[in-house]
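The values are calculated or read from the model by the stated rules, or taken from the named source; none is laboratory data. Everything quoted here is computed from the prediction, not taken from an experiment. Here the Cβ positions follow ideal geometry from the backbone for every residue, glycine too, while neighbour counts run over all protein chains shown. To get the accessible areas, we keep the full protein, side chains included, count just its heavy atoms, and leave off ligands, DNA and RNA. Shrake-Rupley method; radii C 1.70, N 1.55, O 1.52, S 1.80 Å.
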Amino acid sequence: MTGTEQVAAPEEPGAAPLKVESPIREAWRMFLRNGSAIAGLVLLIGVILVTFIGPQVYPVDPFEIVWAPLTPPGVDASIPFGTDYLGRDVLAGIIHGGRATLAVGASAAILTVLIGIVVGALAGFYGGFVDEILMRLTEFFQVLPPLLFAMVLVALFTPTLTTVAVAIGVVSWTQTARLTRAEFLKLKQLEYVTAARAIGSRNGRIIWRVILPNALPPLIVSATLIIGVAILFEAGLSFLGLSDPNVMSWGLMIGSSRSYIIDSWWAVTLPGAAIFITVLSVSLIGDGLNDALNPKLRER
Amino acid sequence: MKIAAIIAQRLFYAAILILAVLVLNFLLLHLAPGDPAEVIAGEMGGATQEMMAEIRAAYGLDQPLHVQLGIYLGRALQGDLGQSFFYNAPVVGLILGRLGATILLVVTSLTFAVVIGTLLGVLAARKPTGLFSNVITVLSLVGYSAPVFWTGIILVIVFAWVFPIFPISGMSDIRLAGGGIEHVLDVAHHLVLPAFTLGVIYLAQYSRLSRASMLEVLGADYIRTARAKGLSESVVVGKHALRNAILPIVTIAGLQFGGLISGAVLVETVFSWPGLGTLALDAILGRDYPTILGILFFSAVIVIVANLLTDLCYRLVDPRIRSGGHK
């Protein structure tokens, strides 16, 4: 993908064509060689399968009262993970609750990355006054404790999945902006950017089509890790009771059983384990991508 | 005299940031759906038209927006962030009553995480491919991925059932009224689990960061020189390498204050720690906007001050940037 690496050696007549591996393919090969990254990928696929196919296989309403409250796991085969303080099936909650957690986590991460890239790219590319204003804005957002700020935003507006996702996006884009800016500052000096300018490309094209694709590797790694952060945020907000109370999510399950921690460990630890496994899988993938896309860091 | 100029410049920036947070607070109050007067009236249990007009006049809600902003800023600068609807008390007083508990929790967690994390990272860096180093890497991933409230809940379960040696709720034992060393020890006893829960996420990050930073420094020429001089390994690692490797840790520690306060909200909720986090949650559930925005403001000020101190510490620790040549 990096423009400078695509130049193949001139072929000598009769010699076998020189095989040049594309950087994407090389990164993918590196990724596949990384055991923990593959473990992460398998875990994540498992979580997604359970979340999206599980409700068809296990069609129990997570809000329905199915058994006596606070029944521990293993009492009856129909409630393998036991019931919560209202008598709702914990397994049904875990299976159905993943969808909201993953959906909010993913959309918040996309929003975070989009805001971060736009702010960082404009600041890094234009420099000067634009950079000054945008970086001051970034600094301003950095001093607001993210969860507290997200709590305020969700509390001011109605707590729906959309509000929660937007709130997470609004509070967490600053790191991506800084990273993007740093990449742009570095890349805009390179020859191929000068070349693009020399052939008359407009700024918009240079920013989005010339520099951004080359700035992507560290941004992809960061975006992967942001998905994990966004999932943790969503879980935190739902745990505090600041998400849509009509949509089951893992954080909501833990939060609603908060007063029954001692009486029903299963109702709080099992949904927590689901969050943990999901974030862990995303982090493992992020680490693997980091090794694959930034070979220089591999020794650390 | 240059350092004084830099400090003055930083203080100026900090003041601008504080002002900006106040403006944001004001705008958020007005962005909120519904008329603030109606919210206040609702909290009072309803009001007639005249009472509504009175409330509007009392809170300056009948003035144009920029005038209201001026009034708000003027009051805020005099230490008045409004009246809590929920507690019916001045917001600043409420917050100051809880601020100490949160700062105690945050600073203890951060100190624990930095000291132990750096130590583990340095030990891991000595054998980068050894078992200990791998354990650190795995632990840091686990610490990063576990939701902080979940870690807290597991600790509550473990320490309530299995090893009932630490209290799992509150900040002090009401049976131990009075002050003195007994009270300090009691608070410290209550602090163990919340501080550990909050610190453990960052512990993982610092161990990883200090491991990476140490590895980079240990490869530098001056370390080879130090070794060639025949210095003992402990002097090379402890004095020459650690001093340089600690810089990124200092920077990150200061920048993480915002995240720490966010984590504190969740940890305080789990352990019923009487700090800003539990106050914030109560305020939000009670739709007490002045209080919640006051907390946002105070937390932002804590972060601004922490950043300012980090910046100054950083300049003191690293002679290269003392002159202000770098950003």
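For chain B, the longest principal axis of the alpha carbon atoms and the long axis of helix B:276-285 meet at an angle near 40°. Mean separation of Cα pairs under 8 Å and 6 or more residues apart, divided by the residue count, gives chain A a relative contact order of 25 percent. Between segment A:106-173 and segment B:197-224, what is the C-alpha centre distance in whole Å? A separation of 29 Å, based on Cα centres. Lysine pair count for the protein assembly as shown (Cα-Cα distance under 25 Å; residues 8 or more apart in sequence or on different chains): 11. Modelled this way, with points 7 Å down the Cα-to-C-beta line, the labels at B:K229 and A:A77 are 7.5 nm from one another.
Taken over chain B, the ratio of Cα radius of gyration to 2.2 N^0.38 Å equals 1.22. For a paramagnetic label modelled at 7 Å from the Cα of A:W67 toward its Cβ, which residues of segment A:228-251 fall within the zone defined by backbone nitrogen distances under 20 Å? Output list for this probe position: A:249-250.
Ranking B:H240, B:H189 from most to least accessible surface, computed with a 1.4 Å probe over the protein chains only, gives B:H189, B:H240. Taken about its Cα centre, the protein assembly as shown carries a charge dipole of roughly 2640 debye when the Cβ of each Lys and Arg holds +1 and the Cβ of each Asp and Glu holds -1. Only alpha carbons enter this Debye calculation for segment B:195-327, each as an equal point scatterer, and the log10 of I(q)/I(0) it gives at q = 0.13 Å⁻¹ is -0.72.
As an exercise, identify the chymotrypsin sites (Phe, Trp or Tyr not before Pro) in segment A:195-300 lying in DSSP coil whose Cβ has no more than 10 other Cβ atoms within 10 Å. Counting only loop positions with at most 10 other Cβ atoms within 10 Å, none of the chymotrypsin sites (Phe, Trp or Tyr not before Pro) in segment A:195-300 qualifies. Computed over protein heavy atoms with a 1.4 angstrom probe, the accessible surface ordering of B:R315, B:R287, A:R258, largest first, is B:R287, A:R258, B:R315.
Our summary gives chain B a relative contact order of 26 percent, counting only alpha carbon pairs under 8 angstrom and 6 or more residues apart.
How big is the A/B interface in buried accessible area, both sides summed, 1.4 Å probe, to the nearest 100 Å²? Interface area, both chains combined: 4200 Å², rounded to the nearest 100. Shown is the FRET efficiency for B:V250 and A:N294, computed with R0 = 22 Å from the Cβ-Cβ distance and rounded to the nearest 0.05: 0.35.
Per residue of chain A, the DSSP helices (runs of n ≥ 4 H) give a summed -39500 (n - 2.57) that works out to -22000 deg cm²/dmol at 222 nm. Legend: residues B:T151, A:T176, B:T111, sorted from most to least accessible area (1.4 Å probe; ligands, DNA and RNA excluded), read B:T111, B:T151, A:T176.
Fully extending the segment from A:V20 to A:F129 would add 35.0 nm, taking 0.36 nm per residue of separation and subtracting the current Cα-Cα distance. Kirkwood analysis of the Cα pair distances in the protein assembly as shown returns a hydrodynamic radius of 26.9 Å. Only helices reaching 18 angstrom along their own axis (Cα) with mean Kyte-Doolittle hydropathy no lower than -0.5 count here, and for the DSSP H runs of chain A these are A:35-57, A:90-126, A:128-142, A:174-187, A:212-239, A:265-293. In this structure the amide hydrogen of B:Q83, modeled in the peptide plane, comes within under 5 Å of the amide hydrogens of B:V91, none closer than 5 places in sequence on its chain. For the pair B:R10 and B:D62 in one chain, pulling the backbone fully straight at 0.36 nm per residue adds 15.0 nm over the alpha carbon distance.
For B:T111 and A:L86, FRET efficiency with R0 = 56 Å and r from the beta-carbon atoms, rounded to 0.05? For R0 = 56 Å, the calculated efficiency reads 0.85.
Set the Cα radius of gyration of chain A against 2.2 N^0.38 Å, with N its number of residues, and you get 1.22. Evaluate E = 1/(1 + (r/R0)^6) for A:Y260 and B:N134, where r is the Cβ-Cβ distance and R0 equals 51 Å; express this FRET efficiency to the nearest 0.05. That pair, A:Y260 with B:N134, gives E of 0.85.
Each residue, A:V42 and B:Y314, gets one label point 7 Å from its Cα in the Cβ direction; the gap between the two is 4.2 nm.
The angle separating the long axis of helix B:257-271 from the principal Cα axis of greatest extent in chain B is about 70 degrees.
Solvent-accessible surface (1.4 Å probe) assigned to B:E38 amounts to roughly 110 Å².
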